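S.K.: Below is a structure I'd like to ask you about.
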Amino acid sequence: MERRQTDHARGARRGGQRRLGAAEGVLVALRHCSLDEAFTDIVQTAKQHNVAPMELAHALVAIAENDVTYDVDDAVAAAVSRAWGDLLARPGHDRSGERAPQSH
C-alpha cells in the first residue's frame, strides 16, 4: 500500500512539473522571455492574485490551448486574464478560439 501512495505522489509531482514547464513555455513564446523570467512571472502573478502557482500554471496552459474540458476556477481564470489576456488574444482567432475566416 505504501508503494502505491509513493508512486501516486511521484506521478502527481511529474504531472505538476509538466504543467509548470508547459506554462513556462507558453510565456516564453508569448513574451519572448527566458524560462527563469517565465517562472518568476507565474509565481509573482499567483502571489499577487492569491492563487496557487500550479493551479495558475495549469489554467494558463488550458486557456492557451482553448481546452474547454478543463474547469478553470473563476479567480484563477481572472488572474490569467489580467496578467496575460492581451498576449493570449492572438490575431486571426476569434474569442472562441476558432480560426477566423481569412479574406482573400
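S.K.: To the nearest 20 Debye, how big is the dipole of the range 2-88 about its Cα centre, given +1 on the beta carbon of each Lys and Arg and -1 on that of each Asp and Glu? All intermediate terms of the calculation are to be shown ahead of the outcome.
M.R.: Numbers: 10 positive and 13 negative charges, 82 e Å.
Here the size comes out at about 400 debye.
S.K.: Tell me the volume per residue, in Å³, of the convex hull enclosing the alpha carbons of the range 2-88. Working shown, then result.
M.R.: Working: hull volume 8.7 nm³, N = 87.
So the per-residue Cα hull volume is 100 Å³.
S.K.: Residue by residue, what Karplus-based ³J(HN,Hα) values in Hz, rounded to whole numbers, does the range 49-64 have, using 6.51, -1.76 and 1.60 with θ = phi - 60° and x for Gly and Pro?
M.R.: Listing the rounded values in order: 9, 6, 10, 6, x, 5, 5, 4, 4, 4, 5, 4, 5, 4, 5, 4 Hz.
We did not get these values from a lab; they are worked out from the coordinates using the rules stated. All values derive from a computational prediction rather than experimental measurement. Quick reminder, even Gly has a Cβ in these numbers, built from the backbone with ideal geometry, and neighbours come from all protein chains shown.
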